[in-house]
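Take a look at the structure below.
Please treat every number below as a calculation from the coordinates, not as lab data. As the structure is a prediction and not an experimental result, all values here were calculated from the model. Positions of Cβ are backbone-derived with ideal geometry, glycine not excepted, and every protein chain shown enters the neighbour counts.
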Ligand code: ADP
Ligand code: MG
């Protein structure tokens, strides 16, 4: 199912990221949850990730990981709204990985940084900016969200369901 939303300011995009993670269903897979963010520079990808972090109850504030490629955020059990909302075990997400491929030269650089191991751990939620640049090394089972610049304050955000 595809959903198209126009956000009219930063807060709306953040709220969308927040409600997106809160809508996750009970996890059954043996791998991490993968969320691929694609589309325009300034399209609101990092803004959306900030909202996801709020919804997850990440311990620190999200900054752009452009220079380090991968940033890892712990999720506090008590503060993690989706972990606490979904019963005792919740989704079991303990780590939030934020990856930004903007400055990536070759997809294998991500593998060198241990992407495979990160993906194979069901305790991880992995969000990837500029995911279209590393499409060939990402699992097929993922959510894909596209960001389009409409005008100075409007962004079109197209969500595709996982699976
Ligand atoms: P990306 O990570 O896709 O390059 P960012 O989230 O870093 O994009 O930046 C989005 C920029 O657009 C920010 O400077 C933000 O203030 C601005 N902006 C204006 N309107 C919106 C909106 N509706 N949603 C998100 N960002 C917006
Ligand atoms: Mg960004």
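Considering the chain, what Rg and Dmax in Å follow from its alpha-carbon atoms?
14.7, 44
At a 10 Å Cβ-Cβ cut-off, how would you order 76, 155, 94, fewest neighbours first?
Ranking 76, 155, 94 by Cβ neighbours within 10 Å, fewest first, gives 76, 94, 155.
Taking the simple approach of a point 7 Å from Cα along Cα-to-Cβ for both residue 64 and residue 136, what is their distance in nm?
Inter-label distance under the simple model: 2.7 nm.
Taking R0 as 22 Å, what FRET efficiency do you get between residue 103 and residue 149 from their Cβ-Cβ distance, rounded to the nearest 0.05?
For residue 103 and residue 149, the calculated efficiency is 0.65.
Select from 40, 100, 151 the residue whose mean-square fluctuation is largest in a Gaussian network model of the chain (Cα-Cα springs shorter than 10 Å).
151
Let me understand segment 97-141 better: what is its radius of gyration from the alpha carbons, and its Dmax, in angstrom?
9.9, 28
Take residue 5 and residue 120, extend 7 Å from each Cα along the Cα→Cβ direction, and tell me the distance between the two endpoints in nm.
3.5 nm
Evaluate the distance, in nm, between pseudo-label points positioned 7 Å from the Cα of residue 111 and of residue 161 along their respective Cα→Cβ axes.
3.3 nm
What value, in deg cm²/dmol to 500, does the helix sum -39500 (n - 2.57) over DSSP H runs of n ≥ 4 give at 222 nm once divided by the residues of the chain?
One gets -6500 deg cm²/dmol as the mean residue ellipticity at 222 nm.
For the chain, give me the percentage of DSSP beta bridges that are antiparallel, rounded to the nearest 5 percent.
For the chain, the DSSP antiparallel bridge percentage is about 55.
Using the alpha-carbon centroid of each, what span in Å lies between segment 17-49 and segment 141-163?
Cα centroid to Cα centroid, the span is 10 Å.
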